[in-house]
Amino acid sequence: MSSILVLNGPNLNLLGTRQPEVYGTTTLADIENLCADWAQSEGCSVTFEQSNHEGVLIDHIHAARGEHQGIILNAGAYTHTSIALMDAIASVELPAIELHLSNVHAREAFRHKSYISKVAVGLISGFGAHGYVLALEAMKQHVSH
Ligand code: DQA
């Protein structure tokens, strides 16, 4: 059975009330439920985590080695700044998918740069909460080949 870590970075705990015109009104708990429903119907295991702290996110990535077959990472703003998160993904040698609710390339120029893209197998951006399900499907497919 594949086991996938879904890791969420800073400010994503505020989904639902945070800039709903950009991120919608779905809460992070709603997204966690979407992922749990997907896991049940696909016979996969999904672990869902969120932290506002870069080091805690890195610890989750390190702990994924030997526990999970892949990582889906919405690193929030750390996407655009964190060499440390990029290095953590590269270090554990697990496939990672970069995920964003919004289409980062249709937004401010500073969101067009991603350190995570350099170490990710692919990127899903702009499909809101449904992007989590798309990423899970893509990861399931990726790890089964
Ligand atoms: C985000 C996009 C990032 O640029 C932003 O800093 C976030 C959320 C997204 O899911 O669209 O916090 O990762």
For this session: Keeping to the stretch 1-44, report how many residues are among the small types (Gly, Ala, Ser) and open to solvent by 40 Å² or more (accessible area, probe 1.4 Å).
Result: 4
For this session: Tell me which residues, restricted to the stretch 91-102, are within 12 Å of the ligand (Cβ to nearest atom) and in a strand (DSSP E or B).
Result: 98, 99, 100
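Which one of these is of a type in the set (A, V, I, L, M, F, W, C) and within 14 Å of residue 2 (Cβ to Cβ): 129, 106, 138?
On the way: 129 fails: within 14 Å of residue 2 (Cβ to Cβ); 106 fails: within 14 Å of residue 2 (Cβ to Cβ).
Sole residue among the options that is of a type in the set (A, V, I, L, M, F, W, C) and within 14 Å of residue 2 (Cβ to Cβ): 138.
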Exercise. What residue, of 105, 68, 100, is surrounded by 13 or more Cβ atoms within 10 Å (Cβ to Cβ), in contact (Cβ under 8 Å) with a residue 40 or more places away in the chain and not acidic (Asp, Glu)?
Worked result: 68
For this session: Starting from residues that are part of a helix (DSSP H, G or I) and either near the ligand (Cβ under 10 Å from one of its atoms) or in contact with a helix residue (DSSP H, G or I) (Cβ under 8 Å, 6 or more places away or on another chain) (or both), keep the ones in the stretch 103-116 and report whichever is farthest from residue 72 (Cα to Cα).
Result: 110
Seminar exercise, completed: Considering residues that are of a type in the set (A, V, I, L, M, F, W, C) and surrounded by fewer than 17 Cβ atoms within 10 Å (Cβ to Cβ), the number found within the stretch 108-122 is 3
Exercise. Looking at (1) polar (S, T, N, Q); (2) under 14 Å from the mean Cα position of the chain (by Cα); (3) surrounded by 16 or more Cβ atoms within 10 Å (Cβ to Cβ), which is the one condition that is false for residue 52?
Worked result: (3)
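The values are calculated or read from the model by the stated rules, or taken from the named source; none is laboratory data. Owing to the predicted nature of the structure, the values given are computational and were not obtained by experimental measurement. Neighbour counts run over all protein chains shown; Cβ positions are idealised from the backbone, glycine included. We work out accessible area using only protein heavy atoms, side chains counted, and drop any ligands, DNA or RNA first. Shrake-Rupley method; radii C 1.70, N 1.55, O 1.52, S 1.80 Å.
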